[in-house]
Amino acid sequence: MQHQDDVTQAAQYLRNRLPGGFSPRVAVTLGTGLSGLGEAIEAAVRVPYEEIPGFPVSTVQSHAGELVLGRLAGQPVAALAGRFHLYEGYSARQVTMPIRLLALLGVDTFMVTCAAGGLDPAMSSGRVMLITDHINFTGDNPLIGPNVDEWGERFPDMSQVYDPQLLALARSVAQAQGIAMYQGVYVGLKGPSMETPAETRMLRTLGADAVGMSTVLEVIAARHMGLRVMGLAAISNVNIPEDMQPSPIDLVIENAGKAGGDMARIIKGVLGEL
């Protein structure tokens with residue numbers, strides 16, 4: 001199949017670019033607000049997305065568009081500085097291609113970060129939410145079509161999407177470092193339009209605590225390939241249906257950046273405990 005061939009070719013290209021003996025264990029998606037973490041990776045190899053065969057190219061403001069490989073908190077990591085979205089016109093399979101090829105490179109753990117709008121009125125922007133579960137409301141799924149048996153089973157289990165041990169480690173690290181962290185359910189939409197007051201009420205009624213336009217498809221692909229998953233969302237704004245305020249992208253980036261420091265500390269703390 002063409003998709004499998006594209007992923008395999010991209011993985012082989014990256015193997016040829018890696019230093020001898022280096023094999024990433026952990027993949028980290030550097031969502032909005034966390035781009036600075038890529039600068040902390042030691043002995044890094046930086047590969048622009050456009051140099052990777054068959055790889056999509058990020059078109060979103062604040063996304064660097066490069067793969068950073070090196071060590072962070074003592075662990076060999078592959079950091080995706082920029083991700084892809086359905087609203088850019090990419091398919092679900094293209095959106096999840098980076099996760100597929102990093103799994104082929106040896107990654108067994110996936111740490112995903114994103115910016116999200118808070119749906120709980122008690123939330124404040126600029127804070128971190130540990131994702132304990134998700135709702136896929138994108139209307140799409142990266143597993144649609146022929147299954148690649150070498151990657152995973154046709155009907156992967158989703159009863160514990162976010163790894164209980166990683167969740168416990170994140171909570172422990174946050175507590176030890178005095179980081180006030182929310183916990184809750186993330187709902188993924190297609191976007192790119194923001195939510196209306198009525199949609200906000202609906203999503204809250206469905207049990208979601210934060211809403212965004214990424215993450216869920218990547219996590220589904222990661223679980224399909226057997227990766228352990230931890231997710232962190234930067235609360236960039238809070239949606240209150242009775243008093244909805246505009247959330248321009250510049251404000252989203254600014255508030256997500258306020259949570260970026262805490263997210264980086266949590267990620268490095270968890271990496272140090274693996």
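The values are calculated or read from the model by the stated rules, or taken from the named source; none is laboratory data. Values in this document were obtained by computation on a predicted structure and should not be read as measured data. Here the Cβ positions follow ideal geometry from the backbone for every residue, glycine too, while neighbour counts run over all protein chains shown.
Some observations on this one:
- Condition met for residue 222 (more than 12 Å from residue 113 (Cβ to Cβ), small (Gly, Ala, Ser) and assigned to a helix (DSSP H, G or I)): yes
- Residue match in the stretch 42-65 (condition: in a strand (DSSP E or B), modelled with pLDDT under 80 and not polar (S, T, N, Q)): yes
- Of all residues in the stretch 67-91, those being buried (at least 22 other Cβ atoms within 10 Å of the Cβ) and not in a loop (DSSP other than H, G, I, E, B) number 9.
- Among the residues of the stretch 210-226, the one identified as charged (D, E, K, R) and surrounded by fewer than 24 Cβ atoms within 10 Å (Cβ to Cβ) is 223.
For (1) surrounded by fewer than 18 Cβ atoms within 10 Å (Cβ to Cβ); (2) modelled with pLDDT under 95; (3) out of contact with any helix residue (DSSP H, G or I) (no Cβ under 6 Å at 6 or more places or on another chain), each residue gets a yes or a no:
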position	(1), (2), (3)
158	yes, no, yes
169	no, no, no
178	yes, no, yes
184	no, no, yes
191	yes, yes, no
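- Residue in the stretch 163-180 that is more than 18 Å from residue 260 (Cα to Cα) and in a loop (DSSP other than H, G, I, E, B) present: yes
- Residue selected from the stretch 232-261 under the condition within 16 Å of the chain's Cα centre (by Cα) and surrounded by fewer than 22 Cβ atoms within 10 Å (Cβ to Cβ), by the criterion nearest to residue 109 (Cα to Cα): 257
- Close pairs (6 angstrom Cβ cut-off, 6 or more residues apart or separate chains): within 18 Å of residue 99 (Cα to Cα) and among the hydrophobic types (A, V, I, L, M, F, W, C) in the stretch 148-171, surrounded by fewer than 16 Cβ atoms within 10 Å (Cβ to Cβ) and at pLDDT below 95 anywhere: 148/4
- Qualifying residue in the stretch 125-137 (condition: in contact with a Leu (Cβ under 6 Å, 6 or more places away or on another chain) and either farther than 18 Å from residue 234 by Cβ or in a helix (DSSP H, G or I) (or both)): yes
- The sole residue among 185, 252 that is closer than 17 Å to residue 166 by Cβ, of a type outside the set (S, T, N, Q) and touching a strand residue (DSSP E or B) at 6+ places or on another chain (Cβ under 6 Å) is 185.
- Index of the failed condition, residue 17 passing every other in (1) touching a strand residue (DSSP E or B) at 6+ places or on another chain (Cβ under 9 Å); (2) farther than 30 Å from residue 236 by Cα; (3) surrounded by 17 or more Cβ atoms within 10 Å (Cβ to Cβ); (4) not small (Gly, Ala, Ser): (3)
- Odd one out for residue 211, checked against (1) in a strand (DSSP E or B); (2) at pLDDT below 95: (2)
- Test: residue in the stretch 184-198 that is part of a helix (DSSP H, G or I), over 30 Å from residue 251 (Cβ atoms) and among the hydrophobic types (A, V, I, L, M, F, W, C): no
- Within the stretch 225-249, being assigned to a loop (DSSP other than H, G, I, E, B), in contact (Cβ under 8 Å) with a residue 60 or more places away in the chain and out of contact with any Gly (no Cβ under 8 Å at 6 or more places or on another chain) holds for 227, 240.
- The stretch 101-121 - residue that is among the small types (Gly, Ala, Ser) and under 25 Å from residue 249 (Cβ atoms) and, of those, modelled with the lowest pLDDT: 115
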